[in-house]
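To start, the structure under review is shown below, and the notes come after it.
The values are calculated or read from the model by the stated rules, or taken from the named source; none is laboratory data. Predicted, not measured: the structure shown is a model, and the values here were computed from it. Cβ sites come from the backbone with ideal geometry, for glycine too, and all protein chains shown count toward neighbours. All accessible areas refer to the heavy atoms of the entire protein, side chains included, with ligands and DNA or RNA removed. Shrake-Rupley method; radii C 1.70, N 1.55, O 1.52, S 1.80 Å.
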Amino acid sequence: MPGQNLLKIYRLYASWAEEFAFACRKGCSTCCTQSVSMTMLEGELIHDYIRSERPELMDILDNLPKSSAPPKTTNQFAAACLMEEESDDGPVSWNMAPCVFLRDNCCSIYPVRPFMCRSFGSTVRCDLLGEAEIEPLFLTLNTAVLQCIEHLDQGRPWGNMNTILQMVKEKRSGESDRHMKNVRICSPLPGFLIPPDEAAAMHGKLQILMDIIGSR
């Protein structure tokens, strides 16, 4: 059921994202780095896809670079903000090396790419200007969806894509979890981070998301 609900969220998000105008096109790969975080649920979807549809990519799973997790999951960060707690986590380390699944500037696992990859979108060509520009409402939507996906997988590991894929592979091979120190644990939804001026625009979408994650 969580896997089916994840796919529901992906489909809904794709329709919602059509409300925004992006400069992104096939072949734009500036954002395709190794600084992507995801849940085990997303990792399992990717692993299954590679095994059944793209077996030539299986060797990548044996040679994934080591990566550390950000200091907080999305819901842990949201909880801290809602409680007005000060963060002492320090700066986040970004790995801007190209994603291991990038081929000729295109994603080789595109149908099952993690949500964080789906959420990349810029109103300008960031490969030309050096940085992306994102509409505030789009960022709010992305954060809410990230929170719901984490809620679906609460209690299980969350971290960098490379680490999570290593964990999925080893778990299915019967190996021990050697990477737990490099991950965080998915937390339940503490509430949404919605600016007051965006509440009306987000209301209907949040209700739909809550209906989906409520049936986990």
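Observations on the model:
- Picking from residues in region 176-203 that are polar (S, T, N, Q) and under 20 Å from residue 154 (Cβ atoms), the one that is farthest from the chain's Cα centre (by Cα) is 182.
- Any hit, region 187-197, residues being at pLDDT 90 or above and part of a strand (DSSP E or B): no
- Test result for residue 184, closer than 29 Å to residue 57 by Cβ, surrounded by fewer than 18 Cβ atoms within 10 Å (Cβ to Cβ), of a type in the set (Lys, Arg) and touching a helix residue (DSSP H, G or I) at 6+ places or on another chain (Cβ under 9 Å): no
- Annotation note: Cβ proximity below 6 Å between a residue of region 149-160 that is closer than 19 Å to residue 117 by Cβ and a residue that is open to solvent by 10 Å² or more (accessible area, probe 1.4 Å) and of a type in the set (D, E, K, R) (sequence gap 6+ or interchain) occurs for 152/216; 158/184.
- Residue tally, condition small (Gly, Ala, Ser) and in contact with a Cys (Cβ under 8 Å, 6 or more places away or on another chain), over region 24-59: 2
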